[in-house]
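Shown next, in C-alpha cells, is the structure this report addresses.
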Amino acid sequence: MDALDREMAARPLPGTALTALGHWWDERPRTPSDPNTRPHDRHAVGYTPNHWDGITPWPCHLAPPSEAGDAEVNRAQVTSAVADALRREAFTEALVATYVWGKGKSGTPGGSGPATLRKILTAEDIDASLSAAVTALADRGPKAAYAVLHRKIPGWGPSFSTKFLYFAGRAQPLAGGPDPQPRPQPLILDRVLSLRLRSFAVEAGRASGIDPDGSAAAWAWSGWGWSPHRYGVYLSFMQAASRQLAATDSWPSDAAPDLLEYALFRRA
C-alpha cells in the first residue's frame, strides 16, 4: 500500500478529474454581490428541529427543538456554533452541532439520528475524549486528533468524528485557541469521499502498474473504520491535489483543501 500511496501523492488527480473540477468551479451558482469564492460555507443541510427534542446540550445557533417544521444550517453557521462552544469548553455542545448538520433530515425521532446521538452523549468520558482531541488538534495536528477519537466513542464513527474535527479546526482561531496552521487542515472523510479516493487510487495503480487489478485500492478505501494512518494519507492527498488544482487557471489559487472536499462530495 505504501507504494500506491506514494504514487497518489506524486500525481494525485487524473486529467479527467481536473477537467471535471474546473467545470464545476466555472458553473457554480453566484450573484453579483457574492463572488462565492467559498461556496462550501453555504453548504446547508435541512433538519427537523422537533425530531431532536430532548437532546442536550442544544446549541443556541440551531433552531429550538420545540420549533415545528424544517430548518437549515450551513457550514459557516456550524463553525460559529462550534467556536462559541469551544470558548466555553462545551465540547458535547460542539459535537451536537456537527452531528445535526451531518445527519440532517435522515434521522427520525426514534431512529438513527437522535436515538444514536443520545447514546453517543452518554458514552463514558466523552467530554475528556473530545477535550483531548481538540487539544491534540491544536498541538499536534489532525492525524493525532483523529487517533484520539478512533474507536473511542461507541456509535460515533469516522464519518462523524471527522466532521467534529473539521469544524473544530475551522473554529479554533475564532474560539481564541491557537491557529493549527500550517499543519494540514482537518477534513471530513465519509463514505462518499472514500469512494472518490478509491477511484483515484484505482486509476493511479493501473497507470503505474503498482496495482493493476485495483485490489489494493479497494482494500485501502473500503469500509468505514479508516485507521489514523489512512486518514493521514487522505489529508496528504487532498493537500497535494489542492496544490495541483491551484496551479491551473480553472481553480482559485488561494483555495483551502476543504473546497476540494466539498467539490468531491458534490460529485464534481
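What follows is calculated from the coordinates using simple rules that are stated; it is not laboratory data. For clarity, every value in this text was computed on a predicted model and none was experimentally measured. We place every Cβ from the backbone using ideal geometry, glycine too, and count neighbours over all the protein chains shown.
Taking a quarter of the surface of the convex hull around the Cα atoms of the chain, what do you get in nm²?
Values: hull surface 57.8 nm².
Result: a mean projected hull area of 14.5 nm².
Hey, with R₀ at 22 Å, roughly what FRET efficiency would residue 215 and residue 10 work out to, going by the Cβ-Cβ distance, to 0.05?
Calculated transfer efficiency: 0.60.
At a Cα cut-off below 23 Å, give the lysines reachable from residue 152, other chains included and same-chain residues fewer than 8 away excluded.
Counting by Cα, and skipping residues close in sequence, residue 152 has these lysines nearby: 103, 119, 143, 163.
Using Cα-Cα distances under 8 Å and only pairs 6 or more residues apart, what relative contact order does the chain have, in percent?
22
Compute the long axis of helix 91-103 from its Cα atoms, compare it with the longest principal axis of the Cα atoms of the chain, and write down the angle in degrees, 0 to 90, nearest 10.
60
For a footprinting-style exposure proxy, rank 265, 200 by other Cβ within 10 Å, fewest first.
Numbers: 265 15, 200 20.
Least crowded to most crowded, the residues run 265, 200.
Label-point separation (nm) for residue 1 and residue 87, each offset 7 Å from Cα along Cα-to-Cβ?
For the pair residue 1/residue 87, the computed spacing is 4.1 nm.
How much length would be gained if the chain were fully extended between residue 208 and residue 127, taking 0.36 nm per residue of separation minus their Cα-Cα distance, in nm to one decimal?
Details: separation 81, 0.36 × 81 = 29.16 nm, distance 4.57 nm.
Once the chain is fully extended between residue 208 and residue 127, it gains 24.6 nm.
Going by how many other beta carbons lie within 10 Å of each one, how would you line up 215, 208, fewest first? Please list the in-between numbers first.
Details: 215 11, 208 16.
Ascending number of Cβ neighbours within 10 Å: 215, 208.
Please determine, in degrees from 0 to 90 and to the nearest 10, the orientation of helix 158-171 with respect to the longest principal axis defined by the Cα atoms of the chain, where the helix direction is its Cα long axis.
Taking the Cα atoms of the chain, the angle to 158-171 is about 80 degrees.
Given 0.36 nm per residue, what is the gain on full extension from residue 119 to residue 254 after removing their alpha carbon distance, in nm? Don't skip to the end; give the middle numbers.
Numbers: separation 135, 0.36 × 135 = 48.60 nm, distance 4.05 nm.
That pair, residue 119 and residue 254, stretches by 44.6 nm at full extension.
Go ahead and run the numbers for FRET between residue 44 and residue 192, Cβ-Cβ distance against an R0 of 22 Å, rounding to 0.05.
Numbers: r = 17 Å, r/R0 = 0.77.
After rounding to 0.05, the efficiency reads 0.80.
Hey, what angle do you get for helix 15-26 against the long axis of the chain, alpha-carbon based, 0 to 90 degrees rounded to 10?
50
Computed FRET efficiency, Cβ-Cβ of residue 53 and residue 265, R0 25 Å: what is it to the nearest 0.05? Mind dumping the intermediate values first?
Details: r = 29 Å, r/R0 = 1.16.
So the FRET efficiency works out to roughly 0.30.
Place the peptides 91-99, 41-49 in order of packing, highest mean first, counting for every residue the other Cβ atoms within 10 Å and averaging per peptide.
So the peptides 91-99, 41-49, ranked by packing, come out 91-99, 41-49.
I need 26, 139 ordered by Cβ neighbour count within 10 Å, fewest first.
Details: 26 9, 139 12.
Ordered from fewest to most neighbouring Cβ atoms within 10 Å, 26, 139 come out as 26, 139.
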